């Protein structure tokens, strides 16, 4: 009997303890819920809505955002999940203890914490500090704008009319050479007052004058080898002092190399240029194919890649194709993953500014080249807005170059500029004379 009474007392005490524990848990939960709502009200008070979303372009399309951007202490905060949907990129997250959030974006995992400016990277010890804090409000994650480009590798550009462009296009190109190369040697540069020679002497002279980026006119010989020649038409051949018979029957590579331009300059085939590039590791080659149809373009670029691989395949990283219309892009890039590209407009009958700028931006092309006939304020403004450089051709007047440079022109194709040799330091950087 005493045992039954003791058991009943134990059960009563256990029930009371359980009720007490459940009550405490409910009080804690209610307290945390109250605290959460209070903190949310404070966050919502501190973080003001901004209408920046009305002028946001993501991957060349107007962004569809159900959540507003926020601003606090001058820092813009982005509704992360909604933004990633505009990039068609899957993003997942889950809450961890102590306010931490595990975020998965593409193939990477990151750890953030509410009210913290730190981002930890999975599988390593790297910690990145953002300009602002990560917050969870209005049922979504908000992160400072710098998280977007520092962590997710999204390109962010604000245009002159305050439109913000964002894209997560693959960063396949490298335009580091642009910074130290305002001039591109047109047709390998001028020599002895002559242009369009594409000759050995022109190449050496231009290099010795400090130029490091060379544009070469390339044509196919009768035995399907790339040679440096602007044109096989009679006028062009006559101006260079080359056999007029080539206008009817193209020479072989051997026959081409046996001739002299203007009776004194050595002709070049592509492999000669590659040999020079092999010995001059800071030289870049811009390819100007004198071919237009896609099939011939593909043939020429296969020949180009094969030639480089036979001599020195590493030099391919310093080859810069020029495309003349959008349809050239994929065939060229399918043949080789080139590290830079120029969209040049001289073969376009008209200049549809938005089309060219959008295509270049979408495909990571950071240089558009044009001549004075297609130059316009609209073009320069839209290129600047998308962080795309403009090069113009062909200029040999220093005063005109100085004028155009003030209009956001980054560089020039030239035969004879600059008048004075370009001085470079051991790293290849231009030394500015005081």
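The values are calculated or read from the model by the stated rules, or taken from the named source; none is laboratory data. This structure is a prediction, so every number in the text was calculated from the model and none was measured. Note: ideal-geometry Cβ built from the backbone for every residue, glycine included; neighbour counts use all protein chains shown.
Assorted remarks:
- Which numbered condition residue 347 misses (of (1) in contact (Cβ under 8 Å) with a residue 24 or more places away in the chain; (2) closer than 24 Å to residue 290 by Cβ; (3) under 17 Å from the mean Cα position of the chain (by Cα); (4) not in a helix (DSSP H, G or I)): (3)
- Residue 328 touching a helix residue (DSSP H, G or I) at 6+ places or on another chain (Cβ under 7 Å), surrounded by 18 or more Cβ atoms within 10 Å (Cβ to Cβ), over 30 Å from residue 159 (Cβ atoms) and touching a residue at least 12 places away in the same chain (Cβ under 8 Å): no
- Only listed residue being under 23 Å from residue 196 (Cα atoms) and in contact with a helix residue (DSSP H, G or I) (Cβ under 6 Å, 6 or more places away or on another chain), chosen from 294, 335, 342, 323: 323
- Test: residue 77 is touching a residue at least 60 places away in the same chain (Cβ under 8 Å), under 17 Å from the mean Cα position of the chain (by Cα) and part of a strand (DSSP E or B): no
- Residue 168 being at positive phi, in contact with a strand residue (DSSP E or B) (Cβ under 9 Å, 6 or more places away or on another chain) and touching a residue at least 12 places away in the same chain (Cβ under 8 Å): no
- Within region 346-358, tally of residues that are touching a strand residue (DSSP E or B) at 6+ places or on another chain (Cβ under 7 Å) and either closer than 20 Å to residue 180 by Cβ or surrounded by fewer than 19 Cβ atoms within 10 Å (Cβ to Cβ) (or both): 1
- Tally of residues being more than 16 Å from residue 357 (Cβ to Cβ), part of a loop (DSSP other than H, G, I, E, B) and in contact with a strand residue (DSSP E or B) (Cβ under 8 Å, 6 or more places away or on another chain) across region 152-162: 2
- Restricting attention to region 184-204, the residues being outside any helix (DSSP H, G or I) and touching a helix residue (DSSP H, G or I) at 6+ places or on another chain (Cβ under 9 Å) number 11.
- Region 199-213: number of residues that are on the phi < 0 side of the Ramachandran plot and surrounded by fewer than 21 Cβ atoms within 10 Å (Cβ to Cβ): 7
- Matching option when the condition is at pLDDT below 95 and part of a helix (DSSP H, G or I), among 207, 165, 169, 149: 149
- Note on region 306-320: among residues that are within 29 Å of residue 429 (Cα to Cα) and in contact with a helix residue (DSSP H, G or I) (Cβ under 6 Å, 6 or more places away or on another chain), the one that is surrounded by the most Cβ atoms within 10 Å (Cβ to Cβ) is 308.
- Top-ranked residue of region 210-221 - restricted to ones that are assigned to a strand (DSSP E or B) and within 28 Å of the chain's Cα centre (by Cα), ranked as farthest from residue 371 (Cα to Cα): 218
- Residues within region 369-385 that are touching a helix residue (DSSP H, G or I) at 6+ places or on another chain (Cβ under 6 Å) and farther than 15 Å from residue 352 by Cβ, tallied: 0
- Some residue of region 356-363 being at pLDDT 95 or above, closer than 23 Å to residue 174 by Cα, in contact with a helix residue (DSSP H, G or I) (Cβ under 6 Å, 6 or more places away or on another chain) and not in a loop (DSSP other than H, G, I, E, B): no
- Lone qualifier among 395, 408 - being in a loop (DSSP other than H, G, I, E, B) and over 28 Å from residue 167 (Cα atoms): 395
- Search result, residues across region 226-255 that are out of contact with any helix residue (DSSP H, G or I) (no Cβ under 8 Å at 6 or more places or on another chain) and assigned to a helix (DSSP H, G or I): 235, 236, 239, 240, 245, 253, 254, 255
- Hits in region 293-316 - residues which are over 17 Å from residue 334 (Cβ atoms) and in contact with a strand residue (DSSP E or B) (Cβ under 9 Å, 6 or more places away or on another chain): 307, 315
- Selection count, region 279-318, where residues are assigned to a helix (DSSP H, G or I) and under 26 Å from the mean Cα position of the chain (by Cα): 16
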